[in-house]
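Trainee: This is the structure I want to talk about, given as structure tokens.
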Amino acid sequence: MDLRASMINSWCFDDQLLVLRRWEKGMTARSVSFPVLPIWVQVWGLPFDLINEEAGQDIGSSLGHVVEVDSKAIASNQARFLRIHIEIPLTKPLRRGALIVNPEGDEVRVAFKYDRLVGLCYNCGMLGHEIRECSK
């Protein structure tokens, strides 16, 4: 397992995002930061031949740092979506979908669904507020 992935963990509690970080020597309340959010992303709409580890790495790296691709779902041969554990930078809006080009050159529109995600503004795509509080 990647050491970075074990440094920051996220959960959902009382409809709020709870992000924890492993203590490091010299850390203070003012110096601690959470630049990324580790989260599982589901990729829906992929052709069955693209539900594989390589496609997961390619798609995941376009969203952030790939921690792992869920191989259990791939191994079942009945997967309807691809699941990727990613560290997403919190400075960028979350993407709700993308165009994927298959090996034959055909474009396919896929949708991203984020596991246990709360506090997402569907107007600007940023975490931390909801659409009624959005300044954009």
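The values are calculated or read from the model by the stated rules, or taken from the named source; none is laboratory data. Everything quoted here is computed from the prediction, not taken from an experiment. So basically every Cβ, Gly included, is an ideal-geometry build from the backbone, and we count neighbours across all protein chains shown.
Trainee: Can you tell me which residue is surrounded by the fewest Cβ atoms within 10 Å (Cβ to Cβ) among those in segment 87-133 that are over 16 Å from I39 (Cα atoms) and among the β-branched types (V, I, T)?
Mentor: V101
Trainee: What is the one condition in (1) modelled with pLDDT of 90 or more; (2) on the phi > 0 side of the Ramachandran plot that V108 does not satisfy?
Mentor: Answer for V108: the failing condition is (2).
Trainee: Would it be correct to say that V41 is under 12 Å from the mean Cα position of the chain (by Cα), without any contact (Cβ under 8 Å) to a residue 24 or more places away in the chain and either part of a strand (DSSP E or B) or surrounded by fewer than 15 Cβ atoms within 10 Å (Cβ to Cβ) (or both)?
Mentor: Details: under 12 Å from the mean Cα position of the chain (by Cα): yes; without any contact (Cβ under 8 Å) to a residue 24 or more places away in the chain: no; either part of a strand (DSSP E or B) or surrounded by fewer than 15 Cβ atoms within 10 Å (Cβ to Cβ) (or both): yes.
It is false that V41 is under 12 Å from the mean Cα position of the chain (by Cα), without any contact (Cβ under 8 Å) to a residue 24 or more places away in the chain and either part of a strand (DSSP E or B) or surrounded by fewer than 15 Cβ atoms within 10 Å (Cβ to Cβ) (or both).
Trainee: Among (1) over 27 Å from R21 (Cβ atoms); (2) assigned to a loop (DSSP other than H, G, I, E, B); (3) touching a residue at least 40 places away in the same chain (Cβ under 8 Å); (4) not polar (S, T, N, Q), there is one condition V108 misses while meeting the rest; what is its number?
Mentor: Against the list (1) over 27 Å from R21 (Cβ atoms); (2) assigned to a loop (DSSP other than H, G, I, E, B); (3) touching a residue at least 40 places away in the same chain (Cβ under 8 Å); (4) not polar (S, T, N, Q), V108 comes up short only on (2).
Trainee: Within segment 53-100, track down each residue that is free of Cβ contacts under 8 Å to residues at least 40 places away in the same chain and among the polar types (S, T, N, Q).
Mentor: If the condition is that a residue be free of Cβ contacts under 8 Å to residues at least 40 places away in the same chain and among the polar types (S, T, N, Q), then Q57, S61, S62, S71, S76, N77, Q78 are the ones that fit.
Trainee: Follow-up question, since we're still on this one. On the given criteria, is L46 within 29 Å of W23 (Cα to Cα), crowded, with 17+ Cβ neighbours inside 10 Å and either in contact (Cβ under 8 Å) with a residue 40 or more places away in the chain or in contact with a helix residue (DSSP H, G or I) (Cβ under 7 Å, 6 or more places away or on another chain) (or both)? Even if it seems obvious, please write down each step before you answer.
Mentor: Values: within 29 Å of W23 (Cα to Cα): no; crowded, with 17+ Cβ neighbours inside 10 Å: yes; either in contact (Cβ under 8 Å) with a residue 40 or more places away in the chain or in contact with a helix residue (DSSP H, G or I) (Cβ under 7 Å, 6 or more places away or on another chain) (or both): yes.
No, not satisfied.
Trainee: Go through (1) closer than 21 Å to F48 by Cα; (2) under 10 Å from the mean Cα position of the chain (by Cα); (3) free of Cβ contacts under 8 Å to residues at least 60 places away in the same chain and name the single condition K113 misses.
Mentor: Single failed check for K113: (3).
Trainee: Might you let me know whether segment 13-30 holds any residue that is part of a helix (DSSP H, G or I), at pLDDT below 85 and touching a helix residue (DSSP H, G or I) at 6+ places or on another chain (Cβ under 7 Å)?
Mentor: At the first step, the residues of segment 13-30 found to be part of a helix (DSSP H, G or I) are none.
No, every residue in segment 13-30 fails to be part of a helix (DSSP H, G or I), at pLDDT below 85 and touching a helix residue (DSSP H, G or I) at 6+ places or on another chain (Cβ under 7 Å).
Trainee: Kindly indicate the residue of segment 63-104 that is among the acidic types (D, E) and in a loop (DSSP other than H, G, I, E, B) and also farthest from V118 (Cα to Cα) among those meeting that condition.
Mentor: Here is the first cut: in segment 63-104, the ones among the acidic types (D, E) are 68, 70, 87, 104.
Subsequent filtering for residues that are in a loop (DSSP other than H, G, I, E, B) retains 70, 104.
Values: D70: 22, E104: 37 Å.
Per the criteria, the residue is E104.
Trainee: Counting only residues that are out of contact with any helix residue (DSSP H, G or I) (no Cβ under 7 Å at 6 or more places or on another chain), buried (at least 18 other Cβ atoms within 10 Å of the Cβ) and within 18 Å of R95 (Cα to Cα), how many does segment 50-76 have?
Mentor: Residues that pass the stated criteria total 6.
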